[in-house]
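Some notes on the structure that comes next.
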Amino acid sequence: MSFSEDVKTARTQLKLSQMAFAKELNICFSSLNRWENGKTTPHPLVKEVFYSYCKRKGVKFEERK
């Protein structure tokens with residue numbers, strides 16, 4: 001699963017729109033949209049914050065092979 005897939009998985013599990021999810025993560029909508037569409041990926045430290053947020057919210061990701 002790629003980072004863009006993880007973003008979409010987290011957003012759908014939390015039942016949030018892209019706008020609402022961006023607000024939750026304290027980022028702009030366009031950044032989240034680019035992440036989810038695979039156009040860009042954030043800095044590794046930002047990824048850590050994202051995955052930490054997901055863990056706190058109980059988001060489950062598929063196992064990576």
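The values are calculated or read from the model by the stated rules, or taken from the named source; none is laboratory data. The structure presented is a predicted model; accordingly, all values stated were derived computationally and were not measured. Virtual Cβ from ideal backbone geometry, glycine too; neighbours counted across all protein chains shown. What goes into the accessible areas is simple: the full protein's heavy atoms, side chains included, and nothing from ligands, DNA or RNA. Shrake-Rupley method; radii C 1.70, N 1.55, O 1.52, S 1.80 Å.
In the set Lys60, Lys15, which member is in a loop (DSSP other than H, G, I, E, B), modelled with pLDDT of 95 or more and open to solvent by 70 Å² or more (accessible area, probe 1.4 Å)?
Unique residue meeting the criteria: Lys15.
Can you pull out every residue in the stretch 31-48 that is among the polar types (S, T, N, Q) and open to solvent by 50 Å² or more (accessible area, probe 1.4 Å)?
Of everything in the stretch 31-48, those that are among the polar types (S, T, N, Q) and open to solvent by 50 Å² or more (accessible area, probe 1.4 Å) turn out to be Asn37, Thr40, Thr41.
List every residue pair whose Cβ atoms sit under 9 Å apart, with the two residues 6 or more apart in sequence or on different chains, where the first one lies in the stretch 23-40 and is in a loop (DSSP other than H, G, I, E, B) and the second, anywhere, is of a type in the set (Ser, Thr, Tyr).
Here the result reads Asn37/Ser4; Gly38/Ser2; Gly38/Ser4; Lys39/Ser4; Thr40/Ser31, each pair linking the stretch 23-40 to a residue that is of a type in the set (Ser, Thr, Tyr).
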